[in-house]
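Chemist: My questions will all concern the structure given below.
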Amino acid sequence: VLQIVKESQQQHGLRHGDFQRYRGYCSRRLRRLRKTLNFKMGNRHKFTGKKVTEEILSDNRYLLLILMDAERAWSYAMQLKQEANTEPRKRFHLLSRLRKAVKHAEELERLCESNRVDAKTKLEAQAYMAYLTGMLRFEHQEWKAAMEAFNKCKTIYEKLANAFTEEQAVLYNQRVEEISPNIRYCAYNIGDQSAMNELMQMRLRSGGTEGLLAEKLEALITQTRAKQAATMSEVEWRGRTVPVKIDKVRIFLLGLADNEAAIAQAENEETKERLFESLLSECRDAIQAVREDLKPDQKQREHSLENDSGKVSNIQYLHSYLTYIKLSTAIKRNESMAKSLQKALLQQQRSEEDGKRTPRPQDLIRLYDIILQNLVELTQLPGLEEDKNFQKEIGLKTLVYKAYRCFFIAQSYVLVKKWSEALVLYERVLKYAREVQSGAGAYTNSLKELPDVQDLITQVNAEKYSLQAAAILDANDSHETESPSQVKDGKPLSERFETFCLDPSLVSKQVSLVHFPPGFQPIPCKPLFFDLALNHVAFPPLEDKVEQKAKSGLTGYIKGIFGFKS
């Protein structure tokens, strides 16, 4: 049962959370099964209900009919659960479809009690029915009944995992891991306070929750923080205490330390990235809540600015504090991504052998550009323009990230053999690093989280020597006498018949044989002759040689008509 369900779900939409597509697949498969088994529910004019009984259970596809009915109802319930976030009325329909799924699962379990069904299928049918029952009770918030159903499901799957090979046990163990957070959540709601810590650890290991428990656990965490937020009335930052009156901001600030601790304990980069995104999303929501309070308070803030000689109001300072948290978190996230890319650059040769796309220094340059932009925004926060220590601290951080950015720009120039540009950038890196070292005396604590510039200086010195050596070798190679067989000056074949040259383009589709169209060549112009003596020559008279033309009149005209000649 579990293998059929999982394969169908993974191949028809649930890999991407598309429950509607999976529901359509279940409907089509049901239609095919009924047609194949000739188990139709009447005709197009009249519905005639039929039930699968033990007497007709001669083919295992009859059990598939019941299973697909249950899966179709369950997938529709999960689809409605996604839509119920914006349309709460759909929750009633959701519960109705879950009850329908449980009804089909009970029928499947009853049919599997037949002697024609093997023991493994019987156990899986019981576990499937317990799983759907637990989900229904979970949605009804009947925690005790839900926990009993989930525990029964977990016990059956654990027994099945121990009874079969490791390959078959993987599927059962995955289902056990899926329902374990649900069991702990039910235990917490019954009264087991120790379950909260375990739920937090599960959330940390998975980098966030998925499935049925996701919204419940997030709501539980928010509810717990809301109880603590009732006692929180103010926050202190950079020597100034600011009252916090917005509940959403209180809840965010209370959970900030827990979120940062969870990020520090994350086991892999993917989990850390999810937690960063979750923290940034909560921070943006808190900033939006403060921004809504800022709009009606604008005139009051302007009046406060005039009276306090430039000192910003409390609500504006709280907005600056939250913006600082958001930008600092974004910088930490980009720095974490940069570290993972640097590790990938060190393993570049192995990645090329595996055929994967290898990271490039240009990828790191983009990340450091974003970090520098965030630092510029930090210096422009209202209320901190006159804080010299803060501005100095941000200035030192900017120099650190500028040094790393220059370093990776130099690395990208090395890849294209631009030795001079790379050497100049390496010198610029050393300049930035020395400035950081000379000015970091009183700010050592604030720079602890940043990359160590001393390691960068050591790396740059080593890269400079290797770059100079590579430049010398490249210069020697370019000055060596090239073999005639390797010379290619770009001339077409018709102009280099007397010189042997290995030209791979001769066997390609873009072979260069002659210049076409041919170029223009100079030719001599046609000579021009001018007759200058014509006006100065006296020609002899020719009257005697010209025959006198006879006089013509009416007589001549008549003679001409009749053909007489004079």
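Chemist: Lys332: open to solvent by 80 Å² or more (accessible area, probe 1.4 Å), basic (Lys, Arg), modelled with pLDDT under 85 and out of contact with any helix residue (DSSP H, G or I) (no Cβ under 7 Å at 6 or more places or on another chain), yes or no? Before you say what the answer is, go through the steps one by one.
Modeler: On the way: open to solvent by 80 Å² or more (accessible area, probe 1.4 Å): yes; basic (Lys, Arg): yes; modelled with pLDDT under 85: no; out of contact with any helix residue (DSSP H, G or I) (no Cβ under 7 Å at 6 or more places or on another chain): yes.
The answer is no for Lys332.
Chemist: While we're looking at this one, here's another question. Are there any pairs with C-beta distances below 8 angstrom linking a residue in the range 310-333 that is without any contact (Cβ under 8 Å) to a residue 24 or more places away in the chain to a residue that is open to solvent by 20 Å² or more (accessible area, probe 1.4 Å), with the two at least 6 apart or on different chains, and if so which?
Modeler: Short answer, once both residue conditions are applied: Ser313/Asp297; Ser313/Gln300; Ser313/Arg301; Ser313/Ser304; Ser313/Leu305.
Chemist: Any chance the range 398-408 includes a residue that's open to solvent by less than 30 Å² (accessible area, probe 1.4 Å), over 17 Å from Asn334 (Cα atoms), under 29 Å from the mean Cα position of the chain (by Cα) and not hydrophobic (A, V, I, L, M, F, W, C)?
Modeler: no
Chemist: Additional query: So which residues in the range 53-78 are among the polar types (S, T, N, Q), open to solvent by less than 100 Å² (accessible area, probe 1.4 Å) and modelled with pLDDT under 90, if there are any at all?
Modeler: Within the range 53-78, the subset among the polar types (S, T, N, Q) is 53, 58, 60, 75.
Next, from what is left, pick out any that are open to solvent by less than 100 Å² (accessible area, probe 1.4 Å): 53, 75.
Answer for the range 53-78, where residues must be among the polar types (S, T, N, Q), open to solvent by less than 100 Å² (accessible area, probe 1.4 Å) and modelled with pLDDT under 90: just Thr53.
Chemist: Suppose we keep only residues that are among the polar types (S, T, N, Q) and closer than 15 Å to Glu71 by Cβ within the range 14-52. Which one would you say is least open to solvent (accessible area, probe 1.4 Å)?
Modeler: Of all residues in the range 14-52, those among the polar types (S, T, N, Q) come to 20, 27, 36, 38, 43, 48.
So of that shortlist, the ones also closer than 15 Å to Glu71 by Cβ come out as 20, 27.
On the way: Gln20: 115, Ser27: 32 Å².
Across the range 14-52, the extreme among qualifying residues is Ser27.
Chemist: Continuing with this model, one more query. Can you work out which of the residues in the range 311-338 that are touching an Asp or Glu at 6+ places or on another chain (Cβ under 9 Å) and basic (Lys, Arg) is farthest from Val235 (Cα to Cα)?
Modeler: Taking the candidates together, the pick is Arg333.
Chemist: Let me ask another. Restricting to the range 31-50, count the residues that are in a loop (DSSP other than H, G, I, E, B) and free of Cβ contacts under 8 Å to residues at least 12 places away in the same chain.
Modeler: 12
Here's the yes/no breakdown for (1) of a type in the set (A, V, I, L, M, F, W, C); (2) surrounded by fewer than 23 Cβ atoms within 10 Å (Cβ to Cβ); (3) not in a helix (DSSP H, G or I):
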position	(1), (2), (3)
Leu108	yes, no, no
Val117	yes, yes, yes
Ala125	yes, no, no
Tyr128	no, no, no
Gly134	no, no, no
Lys144	no, yes, no
Phe150	yes, no, no
Asn162	no, yes, no
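Chemist: Something else: Among the residues of the range 409-437, which ones are of a type in the set (S, T, N, Q) and open to solvent by 70 Å² or more (accessible area, probe 1.4 Å)?
Modeler: The answer is Ser420, Gln437.
Table: residues versus (1) at pLDDT 85 or above; (2) assigned to a helix (DSSP H, G or I).
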| position | (1), (2) |
| --- | --- |
| Arg428 | yes, yes |
| Asn445 | no, no |
| Asn476 | no, yes |
| Glu482 | no, no |
| Ser485 | no, yes |
| Gly490 | no, no |
| Ser505 | no, yes |
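Chemist: Is it the case that Glu113 is at pLDDT below 90, more than 38 Å from the chain's Cα centre (by Cα), over 15 Å from Ile4 (Cβ atoms) and open to solvent by 10 Å² or more (accessible area, probe 1.4 Å)?
Modeler: Working: at pLDDT below 90: yes; more than 38 Å from the chain's Cα centre (by Cα): yes; over 15 Å from Ile4 (Cβ atoms): yes; open to solvent by 10 Å² or more (accessible area, probe 1.4 Å): yes.
Yes: the conditions hold for Glu113.
The values are calculated or read from the model by the stated rules, or taken from the named source; none is laboratory data. These numbers were taken from a predicted model, which means no experiment stands behind them. Don't worry about glycine lacking a Cβ; one is built from the backbone with ideal geometry, like all the others, and counts go over all protein chains shown. For accessibility, only protein heavy atoms count, side chains too; no ligands or nucleic acids. Shrake-Rupley method; radii C 1.70, N 1.55, O 1.52, S 1.80 Å.
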